[in-house]
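Bear in mind these aren't lab numbers, they're just calculated from the coordinates by the rules spelled out. Computed from a prediction, not measured in an experiment: that's the story for all the values here. All Cβ positions, even for glycine, are placed from backbone atoms using ideal geometry, and neighbour counts span all protein chains on display.
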Amino acid sequence: MVDDQGSYFPLRSLKRLEEEGMIGEVSSRFYGLPTNRSQKTTLEVDAVQLLAKCQEDQIDAAILVPNCPVCHQSVSLAARVLEDAGISTVIMGCAKDIVEHVGVPRLLFNNFPLGNAAGLPHQRSVQVEIARLAVSMLATAVRPRTTEQSPFEWHGAPDWQKDYCNASILSSEEIRLRRLEFDKSKADAREIRENNSCVS
């Protein structure tokens, strides 16, 4: 579990860049985007609502920070909607393959475990420098699908990359239990949807 908000939510870092004069005013509001496996829903509902909020707040540029794999897809699709409306975007992301597959104008890739796209936990100076790199891309990226990699390295266990979604390191019993948990969450979500559809 990530215990440093600055590693996934770069508000403090952006405020620092505002104080330095590198950027204008940071918005008084920030926005969440639902993690949605449906690309159609993301493009036609969620991203449209996000765009409306950004336009209401007169946002010129947006830094988008996904955490999970599906978040990377959703945020990348939303970036395209914002860009089409004239709002420049930079994604700070850890899942380079997903973002590049969707295709976005600017990606700052941080080769860290998911949930740390805005910087190394408890390393405030690194978080600020990563925000600085992301903001700089708004001026330096001269073509679509520009990816830059931050120079910072993860200092945790060196084998973190092989652990994520790697079924080969799980026992048959662990896989069975995870399937049960996943099936239960789907059933719970289905029940919530059905109950909400009955409410007038």
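Structure above, values below:
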quantity	calculated
Cα Rg, Dmax, the range 41-97, angstrom units	10.8, 32
Helix-only mean residue ellipticity at 222 nm for the chain, each DSSP H run of n ≥ 4 adding -39500 (n - 2.57), per residue, nearest 500	-14000 deg cm²/dmol
The range 2-22 versus the range 25-62: alpha-carbon centroid distance in Å	19 Å
Linear extension gain, E56 paired with K40, 0.36 nm per residue minus alpha-carbon span	3.4 nm
Residue-count net charge about A187 - beta-carbon cut-off 13 Å; Lys, Arg +1, Asp, Glu -1	0
Proximal charge balance of M22 [Cβ under 10 Å; K/R count +1, D/E count -1]	-1
For peptides 99-105, 29-35, sequence by mean Cβ density within 10 Å, most packed first	99-105, 29-35
Partner aspartates and glutamates for K53 [C-alpha distance under 20 Å; skip if fewer than 8 residues away on the same chain]	E25, E44, E83, D84
Charge tally in the Cβ shell below 14 Å around F9, where Lys, Arg are +1 and Asp, Glu are -1, F9 excluded	+3
Measure of compaction for the range 5-149 (Cα Rg per 2.2 N^0.38 Å)	0.95
Under 21 Å from K96, Cα to Cα: lysines that are on another chain or at least 8 residues apart	K162
Hz values of 3J(HN,Hα) by residue in the range 22-39 - Karplus curve (6.51, -1.76, 1.60), Gly and Pro given as x	6, 10, x, 6, 6, 4, 6, 10, 10, 10, x, 10, x, 7, 10, 6, 7, 4
Relative contact order, percent, the range 5-149 [alpha-carbon distance under 8 Å, six or more residues apart]	27 percent
